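Here is the structure we will look at.
The values are calculated or read from the model by the stated rules, or taken from the named source; none is laboratory data. Small disclaimer: the values here were computed from a predicted structure and weren't measured. Glycine gets a Cβ as well: all are built from the backbone with ideal geometry, and neighbour counts include every protein chain shown.
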Amino acid sequence: MFDLAGYGPQLLSGTVTTIELSLLSLLVSFLLGLLGATAKLSKHRIFKGVATIYTTIIRGVPDLVLMLLIFYSLQIWVNDFTGWLNNLQSTYSFGLQLDPFTSGTITLGFIYGAYFTETFRGAFLAVPKGQLEAARAFGMRSGLVFRRVLFPQMMRHALPGLGNNWQVILKATALVSIIGLSDVIKAAQAAGEATYRSFFFICIAGAVYLVLTILSNGVLMLLERKYAIGVRRAVL
């Protein structure tokens with residue numbers, strides 16, 4: 001009989017936390033990726049250099065090491081900043097403590113923003129320059145060119161890479177349990193230790209990630225169809 005020994009609510013709550021963390025991290029990564037790709041394609045040497053250093057370091061260091069470094073350094077920077085504010089004035093006392101969810105979102109978003117940067121950079125380069133020049137020739141401003149011409153075509157080229165990055169982010173949320181976040185992995189570990197059925201509950205956690213991945217594949221297929229509208233497929 002399928003028995004969760006009373007830990008069903010905790011596992012459900014952990015699953016919801018995992019989904020929320022994944023989606024918010026995806027949003028941060030997406031925005032950082034757009035900024036990073038724009039910087040790497042920029043003619044400005046400083047912007048291009050900063051973006052190149054960012055992607056090189058992030059992609060060259062293991063995610064677990066980066067997560068620990070960023071998590072602890074974030075709190076140190078926040079403490080230093082609030083200490084500086086307190087030194088400026090003595091009327092109010094400032095104090096800010098980052099919770100594991102916020103720290104995890106920032107950390108995952110910062111890490112995978114580097115991968116999104118390279119995905120978007122390749123997608124930007126895949127859009128024919130002639131179409132952008134034609135849009136500008138019709139009098140479109142830069143913002144309108146991006147929204148009407150560049151972004152839709154860029155997304156069509158970027159979606160396969162974005163789908164892979166999203167699934168990696170989804171599975172990487174398991175690493176956030178090491179900084180104290182009560183996600184589905186943390187809930188499964190607690191249930192396993194309490195009931196001496198660790199293998200069973202870890203399998204439950206694995207099944208949760210598998211279901212989320214399958215659902216994600218369905219959403220990605222719908223997005224690919226949406227951005228492929230009007231594109232003629234080659235006939236072999």
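Summary table below
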item: Helices (runs of 4 or more DSSP H) enclosed by the stretch 92-171 - at least 1 residues per element that are under 26 Å from the mean Cα position of the chain (by Cα); result: 100-126, 142-145
item: The listed residue being touching a helix residue (DSSP H, G or I) at 6+ places or on another chain (Cβ under 7 Å), in a loop (DSSP other than H, G, I, E, B) and under 30 Å from residue 147 (Cα atoms), out of 29, 42, 25; result: 42
item: The stretch 149-175 residues that are farther than 30 Å from residue 14 by Cβ, paired with ones that are among the polar types (S, T, N, Q) and modelled with pLDDT under 85 (beta carbon under 9 Å, 6 or more apart); result: 149/131; 150/131; 153/131
item: Long-range neighbours under 6 Å by Cβ, at least six apart or interchain, first residue surrounded by 10 or more Cβ atoms within 10 Å (Cβ to Cβ) within the stretch 43-55, second modelled with pLDDT under 90 and of a type in the set (Gly, Ala, Ser); result: 48/42
item: Residue in the stretch 54-77 that is under 26 Å from residue 175 (Cα atoms) and among the charged types (D, E, K, R) present; result: yes
